[in-house]
Amino acid sequence: MYRRFRKPSIWQEMDQLQREMNRLFDTTSRGRVVSAPSYPAINIWTKDDGMLISAEMPAVHPDDINIDVNADALSISGERKSDEVAKEAAFHRRERSYGSFSRTIQLPFMVDTKKVEASFKNGVLMISLPRAEADKPRKIAIQSS
């Protein structure tokens, strides 16, 4: 007796395609990473009078970094140059990326762009962004009669 071949529905095919795409783009326990996280990695601290941002950028020269700030957004861009290796050498493993990068962060409040300061030490970029005076919370006095 022969079994009748049943053609999968379009929904079954879409489900299979979705599973295969998820498998392709997920990070697995075997260390195979297809999609990279945002670069550079950042931390942001806020307080009433401003914020501090740190960005990890090992092997990037400060001259290769650009910082642009407008009232409520910060952009960090630049280039991480490739390691110099002998022409006859071949990579056994290559995990560090290189090339141009760009990252824009929406800021939680308006900043005073004229007072922004940045420093770079040991591969870490520190950016101090003071809060704009017009955006600082202020106490309103209540008048009574």
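Of all residues in the range 97-145, those being closer than 20 Å to Pro58 by Cβ, of a type in the set (D, E, K, R) and surrounded by fewer than 15 Cβ atoms within 10 Å (Cβ to Cβ) number 1. Listed by first and then second residue, the pairs linking a residue in the range 86-107 that is under 17 Å from Ile42 (Cβ atoms) to a residue that is open to solvent by 90 Å² or more (accessible area, probe 1.4 Å) and part of a strand (DSSP E or B), with Cβ atoms under 9 Å apart and 6 or more places separating them unless they lie on different chains, are Thr104/Asp68.
In the range 1-28, the residues that are part of a helix (DSSP H, G or I) reach residues that are exposed (fewer than 10 other Cβ atoms within 10 Å of the Cβ) and modelled with pLDDT under 75 with C-beta atoms within less than 6 angstrom, at least six apart or across chains, in these pairs: Phe25/Ser35.
In the range 48-70 there is no residue matching the filter, namely being over 30 Å from Arg138 (Cα atoms), at pLDDT below 80 and not in a strand (DSSP E or B).
The values are calculated or read from the model by the stated rules, or taken from the named source; none is laboratory data. Please read all numbers here as calculations on a predicted model, not as lab measurements. Ideal geometry is used to build each Cβ from the backbone, glycine not excepted, and the neighbour counts take in all protein chains shown. In case anyone asks, the SASA skips ligands and DNA or RNA and just uses the protein heavy atoms, side chains included. Shrake-Rupley method; radii C 1.70, N 1.55, O 1.52, S 1.80 Å.
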